[in-house]
Structures are given as structure tokens and as C-alpha cells.
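Q: Below is a structure I'd like to ask you about.
The values are calculated or read from the model by the stated rules, or taken from the named source; none is laboratory data. Please read these numbers as outputs of a predicted model, since none were measured by experiment. For neighbour counting, all protein chains shown are included, and Cβ atoms are generated from backbone atoms with ideal geometry for every residue, glycine included. For accessibility, only protein heavy atoms count, side chains too; no ligands or nucleic acids. Shrake-Rupley method; radii C 1.70, N 1.55, O 1.52, S 1.80 Å.
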Amino acid sequence: MSTSSRGYGERRVVPGDVLAVIEEFLPGPGTYVDEENGYIRAAVEGTARYNLLARTVEVRPSRALRVPRAGSNAVGLVTQVRHDVVLVELYGEVRLNPSPRWLYEYSGRFLGAIPIANVSEEYVKDLADYYRPSDIVLVRVLNNTNPYHLTTKPPQYGVLYAECSRCGARLEPVNQRTMKCPRCGHVEKRKVSVLASSRVFRIEIRRALIIPLR
Ligand SMILES: [Zn+2]
């Protein structure tokens, strides 16, 4: 510890910077664990601070921190669909009332999960009939810590944007369980947000997420 601790002074970091490995430190606020290689990375832009006695590392944010909170409505990207859970990378916050509007991007990278029981009001047998990787979804956040617990049960939550699995074109919503490709006619099952048929809202989300949507 005495020799390795020299590398752990305060320093400026941006989201994704490697701070330590999990064998050496515990991840604190403003960090996340990269499970692929066991790195602790910065989740937000700010100053990395190491506590060498408690063996913790945290990042103090440099700006007002915009993070998901219990009760928030968030837009994110489906990254994985497993047999019992859908993993979502959360991008930013929207408000739904009085009219749906994009509010702001989150200050870093936040991960959430929709357990199969929270996907829909109906009995869900196969999650692949509800979400696919690369879908852009509207979710409700249920807790205050990373990784976040999410739900999409009420009708306003679900897919806003999805790509045709056959030709890659943007699917159009047909009803709350169906989307259709305007280019090749392919019909796909999804848990479609009722807001997916709001053209103004979809354009606003698309503008805010111009990079993820390519
Ligand atoms: Zn198509």
C-alpha cells in the first residue's frame, strides 16, 4: 500500500476514466464498476478522491449533478435483454405532465434494470417479445442508487424508437404491442409507449439523443 498509494492523489477525471481496480478500492459515489475488466471508472466529470484508510474512491462532481432519482421519468437505450431482466443505459430525464418534454441529459453514465415483473401489466413469458437491444425506451425510475430499478408497466412507458430487425429502418408504432417497418413491411412485437405516437415528443427525443440514434 505504501508504494502504490503514491499514484492516488486528487485529479480531474471525465466519465469512463479508470480510477482503480476493484481488488484495491471500493466504488464510492460518482463511480461505477466496469464488470468486463474489474476497473472502477468515473461516472461523472469531476475530481477523483481516494480514501486510503477506508480503501474507497469517489468522484466529486464539478457541476450540479444531474442523476436519476426515484420517481423520475428517464429515456435510455436497451443494451441487453436477458431471460429475466432488461438492462438499460439511462441518458436523460423527461417530464410527462402537463405535456411530455425532454428536460436534460444526465451528468454521467447510469445503468438501470427492468425486472421481468416490471415490464408490463400483462404476464410476460418471453422478454424478446417486449424489448430488443438498441431500442430507445421511456422508463420510470424506482430508487436512488446506481444501478437503478426501473418499471415500464403503465401505458406511457415502453419503446419510443426501435429499428427493424430485418432492414434497420425506424419502426413505426401500430398499437401498444406492435410496431411496423415502413420500408419492408416487417411487423415486430414490442412494449410500445403510448407516447411513441406523439410526433412532437419523438422529434424532441431524437434531437436530444442525436448521437445514440445515429
Ligand atoms: Zn424493415
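Q: Tally time: how many residues in region 140-172 are assigned to a loop (DSSP other than H, G, I, E, B) and away from the ligand (no atom under 16 Å from the Cβ)? Give the steps one after another, and end with the answer.
A: Residues of region 140-172 assigned to a loop (DSSP other than H, G, I, E, B): 142-147, 152-157, 162, 164-169, 171.
Cutting the leftovers down to away from the ligand (no atom under 16 Å from the Cβ) gives us 142-147, 152-157.
Qualifying residue count for the region: 12.
Q: Looking at Pro68, is it touching a residue at least 24 places away in the same chain (Cβ under 8 Å) and either in a strand (DSSP E or B) or under 30 Å from Arg202 (Cβ atoms) (or both)? Give the steps one after another, and end with the answer.
A: Values: touching a residue at least 24 places away in the same chain (Cβ under 8 Å): yes; either in a strand (DSSP E or B) or under 30 Å from Arg202 (Cβ atoms) (or both): yes.
Answer is yes for this residue.
Q: What residue, among those in region 188-202 that are open to solvent by 80 Å² or more (accessible area, probe 1.4 Å) and touching a Ser or Thr at 6+ places or on another chain (Cβ under 9 Å), is nearest to Asn73 (Cα to Cα)? Steps first, please.
A: Applying the first criterion (open to solvent by 80 Å² or more (accessible area, probe 1.4 Å)) to region 188-202 yields 189, 197, 199-200.
When the remaining residues are screened for being touching a Ser or Thr at 6+ places or on another chain (Cβ under 9 Å), the result is 189, 200.
On the way: Lys189: 23, Val200: 17 Å.
Applying the filter and picking the extreme gives Val200.
Q: Related question: I'd like the full set of residues that are at positive phi and open to solvent by 50 Å² or more (accessible area, probe 1.4 Å), limited to region 10-58.
A: Arg55 - this is the single residue of region 10-58 that is at positive phi and open to solvent by 50 Å² or more (accessible area, probe 1.4 Å).
Q: Six or more apart or on different chains, Cβ atoms under 9 Å: show the pairs whose first residue is in region 157-169 and under 24 Å from Glu122 (Cβ atoms) and in contact (Cβ under 8 Å) with a residue 40 or more places away in the chain and whose second is among the aromatic types (Phe, Trp, Tyr) and more than 7 Å from the ligand (Cβ to nearest atom).
A: From region 157-169, the pairs are Leu160/Phe201.
Q: If Ser107 satisfies all but one of (1) within 16 Å of the ligand (Cβ to nearest atom); (2) modelled with pLDDT under 95, what's the number of the condition it fails?
A: (1)
Q: Which residues, counting only those in region 119-177, are closer than 16 Å to Gly71 by Cα and among the hydroxyl-bearing types (Ser, Thr, Tyr)?
A: Result: Thr145, Tyr148, Thr151, Thr152, Tyr157.
Q: Sticking with this structure for a sec: Residues Leu150, Leu127, Leu142: which one is in contact with a His (Cβ under 8 Å, 6 or more places away or on another chain), within 24 Å of Glu35 (Cβ to Cβ), open to solvent by less than 10 Å² (accessible area, probe 1.4 Å) and at pLDDT 95 or above?
A: Values: Leu150 fails: in contact with a His (Cβ under 8 Å, 6 or more places away or on another chain); Leu142 fails: open to solvent by less than 10 Å² (accessible area, probe 1.4 Å).
None of the others qualify; the one that does is Leu127.
Q: Now, a different point. Looking at region 111-124, which of its residues are open to solvent by 10 Å² or more (accessible area, probe 1.4 Å) and under 25 Å from Ala42 (Cα atoms)?
A: Listed by number, the residues that qualify are Leu111, Ala113.
Q: Which ones in region 173-187 are open to solvent by 60 Å² or more (accessible area, probe 1.4 Å) and within 7 Å of the ligand (Cβ to nearest atom)?
A: Arg183
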